[in-house]
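The values are calculated or read from the model by the stated rules, or taken from the named source; none is laboratory data. These numbers were taken from a predicted model, which means no experiment stands behind them. In this analysis, Cβ positions are derived from the backbone assuming ideal geometry, glycine residues included, and neighbour counts consider all displayed protein chains.
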Amino acid sequence: MLRLATLSAFALSGSALWVLFEHARGPVDEPEPNPLTGQPVPAFAVPPLQDGTGLATRDFAGAERPVLLNFFASWCAPCVQEMPVLLGLRQQGLAIWGIAYRDRPDATAAFLAQHGNPYQRVGRDEEGRLGPAFALIGLPESFLVDRSGVVRWGWAGGLSQDVVAQSPLKAMS
């Protein structure tokens, strides 16, 4: 009986600590603000997925309107889930540029053929060199960049209709 009481007290104290820890961290659904918000797009240049021009920092300053820069990969399950949202945003007129991150060009091309291609431009970063510069914590990740080349919003994780509705993307779509 003493062991049962001791185990129960131990379990309750552990549960209480877990609750305190979770409340201290904040809701799970709210990611930390991206450190790039309010900063110029990091300096980079990547080759194109296929023929054409790649993507580089200088391209944002010459953009006609804000651009959603989306890091994705063919091996990324949440990237598949966000494709309908990205396709919808493109249909509504949002400029979307993609960077295939740590992915083979043939796998990326097959992924876009299968799930649709929401991107006006696609660059590739096969080695993952841009991860530290963009403070990537996983895939997919998206950055809204204004016409002057400043990151105005960042989202780590797949875009959903709820995320779009509660973000600056809502005004753009």
Scope the range 125-163; condition assigned to a strand (DSSP E or B) and of a type in the set (Gly, Ala, Ser); matching residues = SER142, GLY154, ALA156
ask   = Scanning the range 36-55 for residues that are aliphatic (A, V, I, L, M), outside any loop (DSSP other than H, G, I, E, B) and within 18 Å of the chain's Cα centre (by Cα), which turns out farthest from VAL85 (Cα to Cα)?
value = VAL46
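In the range 59-99, which residues are part of a helix (DSSP H, G or I), hydrophobic (A, V, I, L, M, F, W, C), free of Cβ contacts under 8 Å to residues at least 40 places away in the same chain and touching a Pro at 6+ places or on another chain (Cβ under 6 Å)? Break it down into steps so the answer makes sense when it comes.
So in the range 59-99, the residues part of a helix (DSSP H, G or I) come out as 59-61, 77-91.
Add one more test, that the residue is hydrophobic (A, V, I, L, M, F, W, C), and what stays is 60-61, 77, 79-80, 83, 85-87, 89.
Cutting the leftovers down to free of Cβ contacts under 8 Å to residues at least 40 places away in the same chain gives us 77, 80, 83, 87.
Within the range 59-99, LEU87 is the sole residue that qualifies.
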inquiry  = Looking at (1) within 11 Å of the chain's Cα centre (by Cα); (2) at pLDDT 95 or above; (3) not acidic (Asp, Glu), which one does GLY138 not meet, given that it meets all the others?
reply    = (2)
remark   = GLY157 passes all but one of the listed conditions (1) touching a residue at least 60 places away in the same chain (Cβ under 8 Å); (2) under 19 Å from PRO48 (Cα atoms); the exception is number (2)
query = Looking only at residues in the range 100-126 that are within 19 Å of the chain's Cα centre (by Cα) and polar (S, T, N, Q), which one is nearest to VAL67 (Cα to Cα)?
reply = GLN120
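Within the range 104-124, does at least one residue satisfy the condition of being part of a strand (DSSP E or B) and among the charged types (D, E, K, R)?
There is at least one residue in the range 104-124 that is part of a strand (DSSP E or B) and among the charged types (D, E, K, R).
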